[in-house]
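The values are calculated or read from the model by the stated rules, or taken from the named source; none is laboratory data. Keep in mind that what you see is a predicted model, and the values were worked out from it rather than measured. No Cβ is skipped: glycine too gets one built from the backbone with ideal geometry, and neighbour counts run over all protein chains shown.
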Amino acid sequence: MTDAAGPRQHVGLDMEVTSAPRPDDLAALGAALAAFNDADVGPSGRLPLAVIARDGGGIVAGISGYTAWGWLYVQWLWVGEAYRGQGFAARMLDAAEAEARRRGCHGAHIDTFSPVALKIYRRCGYAPFGVLEDFPRGRDRTFLRKPL
């Protein structure tokens with residue numbers, strides 16, 4: 001970290017790089033960032049949002065995400081192979097968007113590196129606003145948004 005006086009030295013600072021972070025460390029990071037953001041832009045009002053489709057008790061399709069700061073973020077959208085091509089993704093997005101509107105959201109966003117999913121999201125009214133090329137290698141990750 002630097003300031004007008006130059007780099008600051010932090011004696012005794014230990015940094016750990018890990019692929020297995022402790023749950024309490026992640027909770028502390030999340031709480032600290034939420035407190036910073038609350039002070040900076042106001043409370044997020046973050047609430048989880050899921051749409052789950054079951055057939056005989058087992059999950060065959062679903063959405064997991066959350067609403068915050070007036071936006072729906074669809075983090076995961078999955079449809080089991082036997083149910084693909086039947087409009088489940090669009091129906092689940094409709095349900096998630098309806099709940100987001102009930103929560104006062106004005107927009108939704110999602111991202112994908114699947115060319116098939118990209119076509120579906122565009123048909124559902126989502127428009128690209130950014131691309132991360134070669135992520136994963138050989139594919140582009142497209143970020144999309146939709147007004148609600």
Met92 vs (1) among the hydrophobic types (A, V, I, L, M, F, W, C); (2) under 30 Å from Asp38 (Cα atoms); (3) without any contact (Cβ under 8 Å) to a residue 60 or more places away in the chain: all pass except (2)
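Scan Lys146, Lys119 and give me the residue that is charged (D, E, K, R) and either outside any helix (DSSP H, G or I) or touching a Cys at 6+ places or on another chain (Cβ under 6 Å) (or both). Please lay out each step first, then the result.
On the way: Lys119 fails: either outside any helix (DSSP H, G or I) or touching a Cys at 6+ places or on another chain (Cβ under 6 Å) (or both).
Going through Lys146, Lys119 in turn, just one is charged (D, E, K, R) and either outside any helix (DSSP H, G or I) or touching a Cys at 6+ places or on another chain (Cβ under 6 Å) (or both): Lys146.
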Considering only segment 130-147, how many residues are over 21 Å from Tyr66 (Cβ atoms), surrounded by 15 or more Cβ atoms within 10 Å (Cβ to Cβ) and not charged (D, E, K, R)? 0
Considering residues of segment 32-67 that are β-branched (Val, Ile, Thr) and surrounded by 13 or more Cβ atoms within 10 Å (Cβ to Cβ) only, the residue farthest from Trp78 (Cα to Cα): Thr67
Just need a number here: residues in segment 102-129 that are closer than 15 Å to Trp71 by Cβ and exposed (fewer than 13 other Cβ atoms within 10 Å of the Cβ). 5
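State all residues of segment 66-99 that are of a type outside the set (A, V, I, L, M, F, W, C) and in a strand (DSSP E or B); if no residue qualifies, say none.
Filtering segment 66-99 for residues of a type outside the set (A, V, I, L, M, F, W, C) gives 66-67, 70, 73, 75, 80-81, 83-87, 91, 94, 97, 99.
Selection gives Tyr66, Thr67, Tyr73, Gln75.
What number of residues within segment 20-65 satisfy the criterion of being assigned to a strand (DSSP E or B) and either at pLDDT below 95 or more than 17 Å from Ala98 (Cβ to Cβ) (or both)? Step through it out loud before you land on a result.
First, pick out the residues of segment 20-65 that are assigned to a strand (DSSP E or B): 47-55, 58-65.
Checking the rest, the ones that are also either at pLDDT below 95 or more than 17 Å from Ala98 (Cβ to Cβ) (or both) come to 54-55, 58-60.
Of the residues in segment 20-65, 5 are assigned to a strand (DSSP E or B) and either at pLDDT below 95 or more than 17 Å from Ala98 (Cβ to Cβ) (or both).
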